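One structure is given below, encoded as structure tokens.
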Amino acid sequence: MAVLRAKEIEKMSEKERKEKLKELRLELVRAGNRGDKASGKTKEIKKAIARIITLNKRLRRKNNG
């Protein structure tokens, strides 16, 4: 999996971000089941999830306020 950059996430539609978030969470569970908990891949997945969630919150605040 390639690293997801903030600019790439910003270009995605809301539906694409939701789908990517679901996909990443599933991938994180799979990585945990394989015993790769300390691997760099797990860390990368967690960061990508955090980026998507942060951007979603930022956009939600911008639209509401």
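Only residues that are of a type in the set (Asp, Glu) and crowded, with 16+ Cβ neighbours inside 10 Å were counted in segment 7-32, giving 1. Evaluating residue 61 against the criteria (1) surrounded by 10 or more Cβ atoms within 10 Å (Cβ to Cβ); (2) part of a helix (DSSP H, G or I); (3) at pLDDT below 95 leaves one unmet condition, (1).
For the residues 16, 23, 8, 27, the requirement of being of a type in the set (Asp, Glu), touching a residue at least 24 places away in the same chain (Cβ under 8 Å) and in a helix (DSSP H, G or I) singles out 27.
The values are calculated or read from the model by the stated rules, or taken from the named source; none is laboratory data. Nothing here was measured: the structure is a model prediction, and the numbers come from that model. Here the Cβ is made from the backbone with ideal geometry for all residues, glycine too, and neighbour counts use every protein chain on show.
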